[in-house]
Amino acid sequence: MTRVLTGITTSGTPHLGNYVGAVRPAIAASHQPGVESFYFLADLHSLIKVQDAARVQRSTLEIAATWLAAGLEPDKVWFYRQSDIPEISELNWFLTCVAGKGVLNRAHAYKASVDRNRADGEDDDAGITAGLFMYPVLMSADILLFNADKVPVGRDQVQHIEMARDFAQRFNHLFAGDYFTLPEAAIEENVATLPGLDGRKMSKSYDNTIPLFAPRAEMKKLIASIVTDSRAPGEAKQADGSHVFQLYQAFASPGETEAMREAFEQGIGWGDAKRKLFELIDAEVAPMRERYEALMARPGEIEAVLRDGARRLRARYATPFLAELRHAVGLRDLSSQDAQARAGAKERAALPSFKQYRDTDNRFYFKFLDGEGGLLVQSNGFDSPKQAGQLIAVLKRSDRADAMETPEINVLVPVQEVLAALRRLRDAEA
Ligand code: TRP
């Protein structure tokens with residue numbers, strides 16, 4: 001399985017450019033076989049740009065509703081909100097402590113801000129928050145926590161993926177293990193960038209967008225306001241280079257595109273061309289708009305979908321992996337180390353062992369470690385230590401891979417390794 005991870009910053013209202021450039025291709029990709037897809041709302045990232053609490057909330061809701069309306073299936077992909085996964089923030093700190101400051105100094109977004117300050121005769125770092133500076137580290141935590149193989153991004157984000165690889169490599173090296181997969185950027189080459197109302201790239205920062213779910217009448221009006229040249233109806237028009245044509249092409253089949261190209265040559269009027277463009281877009285958007293409006297009317301359901309996604313994802317990957325990472329950096333259970341120190345004998349220390357403990361959520365857990373303290377099995381939480389102990393007893397006796405298939409535990413290494421460690425433990429205790 002290839003793991004593909006996509007993050008969406010929750011700082012605006014989705015527009016046609018976002019839909020064609022990101023939402024539509026990502027949802028198509030999620031239906032490919034052999035892919036485990038992760039989609040998340042990067043709300044922690046949005047705090048770097050937006051200090052308007054209501055806007056963060058509004059944008060998070062709108063973007064979640066957009067992805068669901070566009071066909072994302074939350075029971076087939078991982079769909080969650082960044083701030084619901086506290087492990088991301090904790091990993092962010094571990095990575096902060098291995099990331100080179102010099103590497104971050106070279107980040108394009110940060111450098112561009114410094115350059116602007118210099119051009120304005122300001123202090124280099126005037127108005128630049130540490131959040132903007134650390135942006136690539138948080139993004140690395142998003143990616144590395146789930147060991148994503150591929151990250152679809154625009155060209156402007158490729159450098160961030162390279163940094164994630166750099167931080168991952170440093171961590172793996174410093175703590176001597178294959179903790180992190182090195183992610184790769186998947187650059188969407190043939191995804192269209194749409195022109196906005198004024199012909200520049202459609203972007204919130206140019207204020208030239210067509211909101212994806214603008215009411216029908218408003219969408220029609222906005223499309224009618226797209227800037228064109230002054231050729232009259234009947235005059236031949238160039239399809240290539242026309243913004244109206246470019247938008248049309250992003251929603252049309254090859255046949256429809258060719259027919260429109262012909263119509264341009266034959267002098268279709270701008271009013272007619274725009275009406276056809278509106279009809280084409282509306283045919284694709286209208287069914288989604290209906291779902292979107294229904295979802296927006298029930299925000300509690302969206303909230304529940306996101307929380308459920310995060311809860312399952314934490315149990316499945318984030319919590320056990322972070323336990324392993326905490327151990328790797330030395331944030332360890334002191335009593336277990338103490339016990340080992342008292343035992344003294346190297347042979348005892350080198351044996352695999354079960355460790356039972358109570359976590360901050362007041363539930364009871366255990367883990368199964370190899371002789372070097374590497375995590376082999378991490379349990380989920382139990383109501384009582386007795387329940388945890390009973391399952392440990394079962395595991396200790398078992399010599400079969402299928403005994404590891406219970407949902408109460410997460411096996412973090414190939415099952416054969418766990419069975420071999422159990423055998424060693426049994427042999428030593430015999
Ligand atoms: N930086 C991305 C953007 O602005 C959003 C993002 C945050 C992201 N974390 C990510 C994308 C992790 C991919 C992977 O578009």
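The values are calculated or read from the model by the stated rules, or taken from the named source; none is laboratory data. Computed from a prediction, not measured in an experiment: that's the story for all the values here. Here Cβ is always computed from backbone atoms with ideal geometry, including for glycine, and neighbour counts include all displayed protein chains. Remember, those area values only see protein heavy atoms, side chains included, never the ligands or the DNA or RNA. Shrake-Rupley method; radii C 1.70, N 1.55, O 1.52, S 1.80 Å.
General observations
- Sparse packing (at most 16 other Cβ atoms within 10 Å of the Cβ) combined with a DSSP loop state is found for the following GluC sites (Glu not before Pro) in the range 366-430: 372, 408.
- Cross-link pairs beyond the 26 Å C-alpha cut-off, checked among 49/201; 201/237; 76/355; 237/276; 76/220; 76/386: 76/355; 76/220; 76/386
- Across all directions, the average projected area of the convex hull around the alpha carbons of the range 25-66 is 3.6 nm².
- Put simply, the range 143-290 fits an ellipsoid with semi-axes of 43, 16, 14 Å; these come from the alpha carbon gyration tensor as the roots of five times its eigenvalues, largest first.
- Calculated mean residue ellipticity at 222 nm for the chain: -15500 deg cm²/dmol, from DSSP H runs with n ≥ 4 weighted as -39500 (n - 2.57), summed, divided by the residue count and rounded to 500.
- Evaluated at q = 0.16, 0.21, 0.32 Å⁻¹, a Debye calculation over the C-alpha positions of the range 379-430 (equal weights, vacuum) places log10 I(q)/I(0) at -0.47, -0.79, -1.31.
- Pairwise centroid distance, computed over Cα atoms, of the range 207-268 with the range 363-430, Å: 63 Å
- Rel. contact order, % - alpha carbon contacts under 8 angstrom, at least six apart, the range 126-268: 17 percent
- Segment residue 54-residue 178, extension gain: residue separation times 0.36 nm, minus the distance between their alpha carbons: 40.5 nm
- Convex hull volume per residue for the chain, taking Cα atoms only, in Å³: 169 Å³
- Here, P(r) means the percent of Cα pairs in each 10 Å bin from 0 to the largest distance; for the range 157-205 it is 23, 28, 22, 16, 9, 1.
- Converting phi to 3J(HN,Hα) with the Karplus coefficients 6.51, -1.76 and 1.60 and the offset θ = phi - 60°, the range 59-64 yields 5, 4, 5, 5, 6, 4 Hz in sequence order, with x at every glycine or proline.
- Site pair residue 89 and residue 232 shows an inter-label distance of 6.5 nm when each label is modelled 7 Å from Cα along Cα→Cβ.
- Degrees between helix 158-174 axis and first principal axis of the chain (Cα, 0 to 90, nearest 10): 10 degrees
- Cα-based helix-to-principal-axis angle, 385-397 vs the chain, degrees rounded to 10: 80 degrees
- For the chain, accessible area per residue (1.4 Å probe, heavy atoms of protein chains only), Å²: 51 Å²
- Cα-based Rg and Dmax for the range 346-405, where Dmax is the largest Cα-Cα distance (Å): 12.1, 34
- Relative packing of 71-82, 222-233, 7-18, which averages over residues the other C-beta atoms within 10 Å, highest first: 7-18, 71-82, 222-233
- Distances between every pair of Cα atoms in the range 101-171, grouped in 10 Å steps from 0 to the bin holding the largest one, split as 19, 47, 25, 8, 1 percent.
- Of the solvent-accessible surface of the chain, computed with a 1.4 Å probe over protein heavy atoms with every protein chain present, carbon and sulfur atoms account for 50 percent.
- Calculated from backbone phi, Karplus (6.51, -1.76, 1.60) coupling profile of the range 321-336 in Hz, x at Gly/Pro: 5, 5, 4, 5, 5, 4, 4, 4, 8, x, 8, 10, 5, 5, 5, 5
- Available extension along the chain between residue 279 and residue 265 is 3.0 nm, counting 0.36 nm per residue and deducting the alpha carbon span.
- Here the range 17-92 and the range 110-173 have alpha carbon centers that stand 19 Å from each other.
- Cα gyration tensor shape of the range 210-261, rounded if a/c is under 1.5, else prolate or oblate by comparing a/b with b/c: oblate
- Cα gyration tensor, the range 1-109 - rounded (a/c under 1.5), prolate or oblate: oblate
- Amide H contacts of residue 184 (H built 1.01 Å from N, under 5 Å, at least 5 apart or other chain): 150, 151
- For the range 25-38, 3J(HN,Hα) per residue [Karplus equation, 6.51 cos²θ - 1.76 cosθ + 1.60, θ = phi - 60°, Hz, x = Gly/Pro]: x, 5, 6, 4, 5, 5, 8, 6, x, x, 10, 9, 9, 10
- Between 0 and 90 degrees, the angle of helix 415-429 with respect to the longest Cα principal axis of the chain falls at about 10 degrees.
- Within the chain, antiparallel bridges make up roughly 45 percent of the DSSP beta bridges whose residues both belong there.
- Gyration tensor (alpha-carbon) shape descriptor, the range 119-217, a/c threshold 1.5: oblate
- Taking amide hydrogens as placed 1.01 Å from N in the peptide plane, the amide H of residue 36 sits under 5 Å from those of 2, 3, 4, each at least 5 positions away in sequence or on another chain.
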